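Please read the structure below before turning to the comments.
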Ligand SMILES: [Ca+2]
């Protein structure tokens, strides 16, 4: 009976302890998803998916209002099936500021009404224009999609999306849309992406094909059609491809010279739309109204950019730093704005992006507490079977070696202390006269003694030897002394 009670008590105790461990792990997990809640092992972590453009302040090439112009928009309310979209016309006047359709409307929160940015008028809509929208994120993000919601069904004929990876210093083409890819952008239409050109922008005319769901929308998926997409974790090329600090959308040409054909193309593709005829009529009416004004413009209600703060798998969130700029809240012993390097002294493994297979945590060098500096050596790392490549620098406390794991010349190992102790290595202190050198055996501390000299430090004469006043022969054998005395006796 007593034994049963004891066993039950022990079990409860173990249960309580394991729960306590679980509770501690649990709270840790809640704070930091970069570590496993049970084992506390590092695991890949990524910030939440978000609309990166949301509430960012876009820079636009122009906004209507000076001089005042009339503009008409045709909201896309396909989700209200019974409602036929109506055309709304207004005056854009910069003097009437609260009602100017400015750039803030590109990234605002639309609750009920669509809010639009309307460009300044373009009097030659068939010519190359410089209308553009630029959105800066302030740091690197990994983007999944970019979508544009227009305020009319007349989407620009040709537009280019560029990305920057260096805060706007240089720009790289991300995607082109045009009814005439070759002519406008010197790119083939819908070129196939292969593994050798995964970082190349392609040109598509898909934006001209309307359907029930994209009447007013253009959507670009950054990884769509890229062959390495299914093994994204292992593709540094695609990691680069989706990375951007800024996005610039250039409306290169508002209308195609063969507009009527395209407009027709737009309309016949709406065949599945219930009120096809009415919608066609609306579109014609809008085109007619815009055309009668004598100028064109582009009107966009939303730029949405889906992506994640780029932290290379080593942070679950981005935070404001002391300079008021966003940076990753780096874990796994990593550092940098994007956790793109290892913390100092954590160079035992090369830095690598955290993946679902391996968190690739940076590991501290092992210097036995004798150094806080080390460097990575690739050859040693490969020789170790990719386990350890750290080499300690500036070993202190009289230690030496790759891991500061043995005693420096002139010092020997004192086994009374562990190797990581400050006193692990003691000075040889070889006797100046008795020893033939200053370097002792690193393990035993035995100094190199001259003939007839003994002791760890070579500080006494061996048995059968007597001390002399000579620095060269500090100890002389008694036999030799008798022999010398004999010689001396015979000659004097
Ligand atoms: Ca808006």
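The values are calculated or read from the model by the stated rules, or taken from the named source; none is laboratory data. None of these values were measured; they are calculated from a predicted model. No Cβ is skipped: glycine too gets one built from the backbone with ideal geometry, and neighbour counts run over all protein chains shown.
Tabulated results
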read-out	value
Qualifying residue in segment 335-355 (condition: more than 26 Å from residue 396 (Cα to Cα), touching a helix residue (DSSP H, G or I) at 6+ places or on another chain (Cβ under 8 Å) and surrounded by fewer than 16 Cβ atoms within 10 Å (Cβ to Cβ))	yes
Odd one out for residue 163, checked against (1) under 32 Å from the mean Cα position of the chain (by Cα); (2) within 15 Å of the ligand (Cβ to nearest atom); (3) within 15 Å of residue 249 (Cα to Cα)	(2)
Subset of segment 118-144 [over 32 Å from the mean Cα position of the chain (by Cα) and either part of a loop (DSSP other than H, G, I, E, B) or buried (at least 22 other Cβ atoms within 10 Å of the Cβ) (or both)]	118, 119, 120, 121, 123, 124, 125, 126, 127, 128, 129, 130
Yes/no for residue 82 being out of contact with any helix residue (DSSP H, G or I) (no Cβ under 7 Å at 6 or more places or on another chain), at pLDDT below 90, away from the ligand (no atom under 16 Å from the Cβ) and in the same structural domain as residue 297 (by TED's automatic domain parsing)	yes
Residue under evaluation residue 358, criteria (1) part of a loop (DSSP other than H, G, I, E, B); (2) out of contact with any helix residue (DSSP H, G or I) (no Cβ under 9 Å at 6 or more places or on another chain); (3) within 30 Å of residue 107 (Cβ to Cβ), criterion not met	(3)
Qualifying residue in segment 88-107 (condition: more than 23 Å from residue 251 (Cβ to Cβ), under 34 Å from the mean Cα position of the chain (by Cα) and either within 16 Å of the ligand (Cβ to nearest atom) or outside the structural domain of residue 246 (by TED's automatic domain parsing) (or both))	no
Matching residues in segment 298-319 - criterion: being in contact with a strand residue (DSSP E or B) (Cβ under 6 Å, 6 or more places away or on another chain) and more than 16 Å from the ligand (Cβ to nearest atom)	306, 307, 308, 309, 310, 311, 314, 315, 316, 318
Hits in segment 193-204 (condition: within 20 Å of residue 219 (Cβ to Cβ) and surrounded by fewer than 15 Cβ atoms within 10 Å (Cβ to Cβ))	200
Unmet requirement for residue 416, which otherwise passes all of (1) surrounded by fewer than 17 Cβ atoms within 10 Å (Cβ to Cβ); (2) within 46 Å of the chain's Cα centre (by Cα)	(2)
Residue list for segment 41-53, filter: surrounded by 14 or more Cβ atoms within 10 Å (Cβ to Cβ) and more than 22 Å from residue 250 (Cβ to Cβ)	42, 43, 44, 45, 46, 47, 50
The listed residue being within 16 Å of the ligand (Cβ to nearest atom) and assigned by TED's automatic domain parsing to the domain that holds residue 293, out of 112, 144	112
Single residue of 445, 385 found to be at positive phi, touching a strand residue (DSSP E or B) at 6+ places or on another chain (Cβ under 8 Å) and part of a loop (DSSP other than H, G, I, E, B)	445
All positions within segment 169-189 that are surrounded by fewer than 13 Cβ atoms within 10 Å (Cβ to Cβ) and in a loop (DSSP other than H, G, I, E, B)	169, 170, 186, 188
